[in-house]
Amino acid sequence: MKPEKGDDNIFIPKRIIFEKDSLDYEMGKSIFSKFKDNDNVEIIKMTSNRLKQHIPGNDLFTQYREGKRTLVVGIKKTLKFQSCKPSAHYQLPLVSGCMGQCEYCYLNTQLGDKPFVKVHANIDDILNQAQKYINERLPNITVFEGAATSDPIPVEYCTHSLQKSVDFFGKNPNARFRFVTKYNDIESLLNLEHNGHTEVRFSINTSFVINKYEHFTASKGKRIEAAIKVAQSGYPVGFLIAPVFIYPSWKEHYHDLLVELSSKLPDDLKFPVTFEVISHRYTTIAKNRILEIFPENELPMNDEERKFKYGQFGYGKYVYEKESISEIKEFFTKEIEGLFNNKKVLYII
């Protein structure tokens, strides 16, 4: 079964790989119980750590697609959290990988040749470690990002990791939690006692971009509908408009998107709606992998039309020319300022 654009887009895997000892945890047992009688899902119990041998494919094109349909249930053994600047102090490692097949995604280069979805069954250990980091920074507030290398929403129905995290942070006055998604299956989060400590962000774009590049994700309308429900439940809400592409009618399309957001969001928001706007960029490594995974892609990746720029992590990337970046910044600054009253623009890059 493959999820289609427009449905609730939960992740129904083709195979589930249980790493050693993962079935000793409540989450592992629950996922096994949910799928053990499903003839369409292959169940694999590992006895060694040779994970990738269980995911078929002799070339990058096939490995990518088979990896995207694989769920790995494992244990987070290294409880040293990665930093997540500038948006948060730490990553909260609930999930890695994503079922979406967005052609431009940087995870194409970050997650290797078989980008499977992996969930960590020892959620209690992870939250206990989060508490240690919170205690170290008292009395300051510590912020955790739950979707730095993943989209946790499509697997939430079988992990409940977000639900546990929202409950945990809701009770903690010195911590905040945030995550971003391209999906809309958020019903299980609506009635939690979040106390405004969790910000739910939606990665949003024009229908042109979503339909052309963001395969197996929720539609623009479904994402906006979910954002409204989350806002009505009192959560802080944000929008990640990324990547911004310059194409014919781009200004008209992004204007219409922002108008739709401003007209549909509740007027009585408890918190400012946040905006993060990121223009399209790519690395040479990413470009080469994308060309193998999506050989028929139409992404604008002509090096001659871009400016080469070194990023904060030491590697170079191709970004839009200075004039185009200025045009993007001017456009979104003016539009957001004119359409939204209670808002906060975190950055436009």
Taking residue 295 as the residue in question, decide whether it is out of contact with any Gly (no Cβ under 8 Å at 6 or more places or on another chain), open to solvent by less than 70 Å² (accessible area, probe 1.4 Å) and touching a residue at least 12 places away in the same chain (Cβ under 8 Å).
no
Do you know which residues across the range 144-166 are crowded, with 19+ Cβ neighbours inside 10 Å and either in contact with a Pro (Cβ under 7 Å, 6 or more places away or on another chain) or charged (D, E, K, R) (or both)?
145, 146, 151, 156, 161, 162
Could you tell me which of the residues 235, 318, 254 is touching a Ser or Thr at 6+ places or on another chain (Cβ under 9 Å), open to solvent by less than 50 Å² (accessible area, probe 1.4 Å), assigned to a helix (DSSP H, G or I) and in contact (Cβ under 8 Å) with a residue 12 or more places away in the chain?
254
Scanning the range 199-236 for residues that are closer than 17 Å to residue 148 by Cα and either at pLDDT below 95 or not aromatic (Phe, Trp, Tyr) (or both), the one farthest from the chain's Cα centre (by Cα) turns out to be 199
If you go through the range 238-246 one residue at a time, do you hit one that is open to solvent by 30 Å² or more (accessible area, probe 1.4 Å), out of contact with any Ser or Thr (no Cβ under 9 Å at 6 or more places or on another chain), in contact (Cβ under 8 Å) with a residue 60 or more places away in the chain and not in a helix (DSSP H, G or I)?
no
Assigned to a loop (DSSP other than H, G, I, E, B), surrounded by 15 or more Cβ atoms within 10 Å (Cβ to Cβ) and of a type in the set (A, V, I, L, M, F, W, C): is that true of residue 11 in this structure?
yes
If we ask which residues in the range 193-232 are part of a strand (DSSP E or B) and over 19 Å from residue 100 (Cβ atoms), their number turns out to be 2
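Tell me, which strands (runs of 3 or more DSSP E) wholly within the range 23-105 include 2 or more residues that are under 20 Å from residue 124 (Cα atoms) and not basic (Lys, Arg)? It would help to see each step written out before you state the result.
On the way: elements: 42-45, 70-74, 88-91.
Once the strands (runs of 3 or more DSSP E) in the range 23-105 are filtered for at least 2 residues that are under 20 Å from residue 124 (Cα atoms) and not basic (Lys, Arg), what remains is 70-74, 88-91.
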Verdict on residue 321 being modelled with pLDDT of 95 or more and acidic (Asp, Glu):
yes
Anything in the range 133-191 that is assigned to a helix (DSSP H, G or I) and of a type in the set (A, V, I, L, M)? List them, or say none.
134, 153, 155, 162, 166, 189
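For (1) surrounded by fewer than 17 Cβ atoms within 10 Å (Cβ to Cβ); (2) within 21 Å of residue 326 (Cα to Cα); (3) among the β-branched types (Val, Ile, Thr), each residue gets a yes or a no:
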{"residue": "230", "(1), (2), (3)": "no, no, yes"}
{"residue": "248", "(1), (2), (3)": "yes, yes, no"}
{"residue": "265", "(1), (2), (3)": "no, no, no"}
{"residue": "271", "(1), (2), (3)": "yes, no, no"}
{"residue": "274", "(1), (2), (3)": "no, yes, yes"}
{"residue": "280", "(1), (2), (3)": "no, yes, no"}
{"residue": "290", "(1), (2), (3)": "no, no, yes"}
{"residue": "301", "(1), (2), (3)": "no, yes, no"}
{"residue": "306", "(1), (2), (3)": "no, yes, no"}
One residue is enough: does the range 54-70 have a residue meeting the conditions touching a helix residue (DSSP H, G or I) at 6+ places or on another chain (Cβ under 9 Å) and modelled with pLDDT of 95 or more?
yes
Restricting attention to the range 43-66, the residues that are under 21 Å from residue 216 (Cα atoms) and either touching a Leu at 6+ places or on another chain (Cβ under 8 Å) or not small (Gly, Ala, Ser) (or both) number exactly 9
Filter the range 20-53 for residues that are under 25 Å from the mean Cα position of the chain (by Cα), closer than 21 Å to residue 66 by Cα and open to solvent by less than 60 Å² (accessible area, probe 1.4 Å) and give the result.
31, 32, 35, 41, 51
Taking residue 31 and the conditions (1) closer than 18 Å to residue 153 by Cα; (2) modelled with pLDDT of 95 or more; (3) out of contact with any helix residue (DSSP H, G or I) (no Cβ under 8 Å at 6 or more places or on another chain), which numbered condition does it fall short on, given that it satisfies the others?
(3)
Positions within the range 321-349 being under 18 Å from residue 245 (Cβ atoms) and open to solvent by 100 Å² or more (accessible area, probe 1.4 Å), in sequence order
322, 323, 330
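The values are calculated or read from the model by the stated rules, or taken from the named source; none is laboratory data. Predicted model only: the values in this text are computed from it and were never measured. Glycine also receives a Cβ, built like all others from the backbone with ideal geometry; neighbour counts cover every protein chain displayed. To get the accessible areas, we keep the full protein, side chains included, count just its heavy atoms, and leave off ligands, DNA and RNA. Shrake-Rupley method; radii C 1.70, N 1.55, O 1.52, S 1.80 Å.
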